[in-house]
């Protein structure tokens, strides 16, 4: 009788343990490359597009488990090009958030679906790991969408799952060496179109361009022009300005900046009985912050302090004829430029 009970106990134990063994989980890893020194997630760059497509397929396959928090997505961000450890960690954090934002937007996931860690050093990339149940053999492989290991990530027979690497993941040493590789100019330099909303609000059209030579340095030029007359020419407001500027961007995310600007132009103001027409020139120190709205748009809050010099002639209008009433000059010390600028990265 005792032997019979022991046999039954062993059979029941095996019937419970075998399904658990069949559900052993294997890490499926997806790797996304980043341009050294930048936090933008360029989906078409390198193999990111194909890797994202495979990751989305896996997320769709296990979406119910992911949303139920039984199968978290483990995101690890790496940065080796930020300069200091603090800058690297900030850059790695932003990169991780970029990848998570893509999944949240494309697959309607939530922040609670992720476990995030960020690292200083090791390369410039982000990995996403999903622990999925492994198939016991190639013969038992299931079709995508019907359960099992995600497509393209089946471990080879006899391989330790802990040592399994993504199909296109490079060794850490090779990834770390990537900054020395020559990248396409389009990924390391950006061109932005700018429009000062404060100028447009005063009916003074304003447009500009910024060439981001590298993440830390930018060269800008803005131009404004307007010409208004009313009361049969008795009132006049006309202006044109050109303002080149050089900026140095600060911090790990390169949002704040300091710079130097120069301004030159001409004006014709007649808002009362006496008008003034002349030239202006000057410059100053600029500072501000760029608030990113999405991957393409941001708002640039900028202010410049310095000196402007204006030489002008005074005039009055008598019988429709402009009569000169003398000359004047003025120096202005203080704020010489302000802007709430809409920036569109081309």
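The values are calculated or read from the model by the stated rules, or taken from the named source; none is laboratory data. This one's a predicted model, so the numbers in the text were calculated from it and none came from an experiment. Quick reminder, even Gly has a Cβ in these numbers, built from the backbone with ideal geometry, and neighbours come from all protein chains shown.
Here is a yes/no grid of residues against (1) under 18 Å from residue 335 (Cα atoms); (2) more than 41 Å from the chain's Cα centre (by Cα):
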residue: 245; (1), (2): yes, no
residue: 253; (1), (2): no, no
residue: 274; (1), (2): no, yes
residue: 287; (1), (2): yes, no
residue: 292; (1), (2): no, no
residue: 318; (1), (2): no, yes
Worksheet entry | Subset tally (residues that are exposed (fewer than 14 other Cβ atoms within 10 Å of the Cβ) and within 15 Å of the chain's Cα centre (by Cα)) for the range 45-62 | 0
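Just give me the residues in the range 65-75 being touching a residue at least 24 places away in the same chain (Cβ under 8 Å) and part of a helix (DSSP H, G or I), in sequence order.
Residues of the range 65-75 touching a residue at least 24 places away in the same chain (Cβ under 8 Å): 66-67, 69, 71-75.
Result: 66, 67.
Going by the conditions given, is residue 295 out of contact with any helix residue (DSSP H, G or I) (no Cβ under 9 Å at 6 or more places or on another chain), in contact (Cβ under 8 Å) with a residue 60 or more places away in the chain and surrounded by 13 or more Cβ atoms within 10 Å (Cβ to Cβ)?
Details: out of contact with any helix residue (DSSP H, G or I) (no Cβ under 9 Å at 6 or more places or on another chain): no; in contact (Cβ under 8 Å) with a residue 60 or more places away in the chain: yes; surrounded by 13 or more Cβ atoms within 10 Å (Cβ to Cβ): yes.
Here the answer is no, as residue 295 does not meet what is asked.
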Discussion item. Would you confirm, using the coordinates I've provided, whether residue 220 is surrounded by fewer than 14 Cβ atoms within 10 Å (Cβ to Cβ) and modelled with pLDDT of 50 or more?
Written reply: no
Worksheet item: For residue 309, are the conditions met, namely being loosely packed, with under 15 Cβ neighbours inside 10 Å, assigned by TED's automatic domain parsing to the domain that holds residue 199, touching a strand residue (DSSP E or B) at 6+ places or on another chain (Cβ under 9 Å) and in contact (Cβ under 8 Å) with a residue 12 or more places away in the chain?
Response: yes
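Of the residues 278, 326, only one is surrounded by fewer than 12 Cβ atoms within 10 Å (Cβ to Cβ), in contact (Cβ under 8 Å) with a residue 12 or more places away in the chain and assigned to a strand (DSSP E or B); which?
Working: 278 fails: surrounded by fewer than 12 Cβ atoms within 10 Å (Cβ to Cβ).
Only one candidate qualifies: 326.
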Item to complete: Scan the range 25-37 for residues that are at pLDDT 90 or above and either in the same structural domain as residue 255 (by TED's automatic domain parsing) or in a loop (DSSP other than H, G, I, E, B) (or both) and jot them down.
Response: 34, 35, 36
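Run down 43, 99 and say which single residue is at pLDDT 90 or above and under 26 Å from residue 294 (Cβ atoms). Quick ask: steps written out before the conclusion?
On the way: 43 fails: at pLDDT 90 or above.
Exactly one of 43, 99 is at pLDDT 90 or above and under 26 Å from residue 294 (Cβ atoms), namely 99.
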Item to complete: Would you mind stating whether residue 328 is under 30 Å from residue 215 (Cβ atoms) and not assigned by TED's automatic domain parsing to the domain that holds residue 81?
Response: no
Discussion item. Can you say whether residue 284 is touching a helix residue (DSSP H, G or I) at 6+ places or on another chain (Cβ under 8 Å), more than 29 Å from residue 102 (Cβ to Cβ), buried (at least 18 other Cβ atoms within 10 Å of the Cβ) and not assigned by TED's automatic domain parsing to the domain that holds residue 98, as far as the supplied structure shows?
Written reply: no
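Within the range 218-234, can one find any residue that is assigned to a strand (DSSP E or B), out of contact with any strand residue (DSSP E or B) (no Cβ under 6 Å at 6 or more places or on another chain) and assigned by TED's automatic domain parsing to the domain that holds residue 194?
Taking every residue of the range 218-234 in turn, at least one turns out to be assigned to a strand (DSSP E or B), out of contact with any strand residue (DSSP E or B) (no Cβ under 6 Å at 6 or more places or on another chain) and assigned by TED's automatic domain parsing to the domain that holds residue 194.
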Practice prompt. Name every residue in the range 76-88 that is outside any loop (DSSP other than H, G, I, E, B) and crowded, with 18+ Cβ neighbours inside 10 Å, in order of residue number.
Written response: 76, 77, 78, 79, 87, 88
Item to complete: Within the range 312-341, work out how many residues are more than 30 Å from residue 297 (Cβ to Cβ) and in contact with a strand residue (DSSP E or B) (Cβ under 6 Å, 6 or more places away or on another chain).
Response: 17
